[in-house]
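Notes for the one structure printed next.
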Amino acid sequence: MWDYEPTHPYTWLGGTIVIIIGFLGVLYPLWPQQLRGGVYYLSWGGLGFVGFVIVLAILRTILYCLIWVLTGGKHHLWIFPNLTEDCGPIESFFPIYSYKYTGPKDKKKKKKKKKAIEGEQAEAIEEDGGCCGGGSCDEPKTLEEKKDE
């Protein structure tokens with residue numbers, strides 16, 4: 001059995017439009033002078049934008065490398081992180097920057113947090129009547145005792 005899928009009309013329409021645009025481009029010398037001037041300036045504008053993106057990509061790489069070297073690899077700052085990613089032209093410029101710190105964590109905060117957690121656990125054990133629920137700590141709880149709780 002054949003699985004016939006006819007060509008969609010939008011495909012025919014798109015192909016026809018591409019051929020017409022190509023034909024009109026070939027007829028550039030026959031265009032009116034004002035239209036040729038507008039296309040000329042539009043072409044320079046597009047070329048300027050592409051050049052701007054290339055220069056921006058080079059500058060952002062240089063800036064990243066400078067920050068990375070000067071901080072010993074601890075700070076990672078990218079300007080326009082999506083500029084060279086596979087996304088749309090508008091999404092390439094958002095977010096403006098991304099920053100990541102990969103250096104050592106603050107040890108003082110860890111020690112304080114650890115002491116606070118240990119203090120909370122000790123208070124919870126005292127409220128339960130000791131580590132074994134009121135019995136002596138040498139006797140481990142059996143499964144039946146754990147189920148009864």
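The values are calculated or read from the model by the stated rules, or taken from the named source; none is laboratory data. No experiment lies behind these values; they were computed from the predicted model shown. As a convention, Cβ positions derive from the backbone with ideal geometry for all residues, glycine included, and neighbour counts pool all protein chains shown. Protein only, heavy atoms only, side chains kept; ligands, DNA and RNA dropped before computing areas. Shrake-Rupley method; radii C 1.70, N 1.55, O 1.52, S 1.80 Å.
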Next on the checklist: Which of the numbered conditions does TRP31 fail, given that it passes all the others? Conditions: (1) open to solvent by less than 70 Å² (accessible area, probe 1.4 Å); (2) in contact with a strand residue (DSSP E or B) (Cβ under 9 Å, 6 or more places away or on another chain).
Outcome noted: (2)
Item to check | Residue pairs meeting the criteria (Cβ under 8 Å; at least 6 apart or on separate chains; first aliphatic (A, V, I, L, M), in region 29-49; second open to solvent by less than 100 Å² (accessible area, probe 1.4 Å) and in a helix (DSSP H, G or I)) | outcome: VAL39/TYR28
Checklist entry - Does LEU24 satisfy the criteria of being in a helix (DSSP H, G or I) and over 30 Å from PHE93 (Cα atoms)? => result yes
Next on the checklist: Quick check on my filter: what residues within region 41-69 are hydroxyl-bearing (Ser, Thr, Tyr) and open to solvent by less than 50 Å² (accessible area, probe 1.4 Å)?
Outcome noted: TYR64
Checklist entry - hydroxyl-bearing (Ser, Thr, Tyr), loosely packed, with under 10 Cβ neighbours inside 10 Å and part of a loop (DSSP other than H, G, I, E, B): does that describe TYR10? => result no
Item to check | Residues of region 56-106 classified as under 12 Å from the mean Cα position of the chain (by Cα) and small (Gly, Ala, Ser), total | outcome: 2
Checklist entry - Could we say that LYS114 is at pLDDT below 95, surrounded by fewer than 10 Cβ atoms within 10 Å (Cβ to Cβ) and either part of a helix (DSSP H, G or I) or over 12 Å from the mean Cα position of the chain (by Cα) (or both) here? => result no
Checklist entry - Based on what the data block shows, is LYS100 more than 20 Å from LEU56 (Cα to Cα), open to solvent by less than 100 Å² (accessible area, probe 1.4 Å), modelled with pLDDT of 85 or more and of a type in the set (D, E, K, R)? => result no
Checklist entry - What tally of residues in region 70-84 results from selecting those that are surrounded by 10 or more Cβ atoms within 10 Å (Cβ to Cβ) and assigned to a loop (DSSP other than H, G, I, E, B)? => result 8
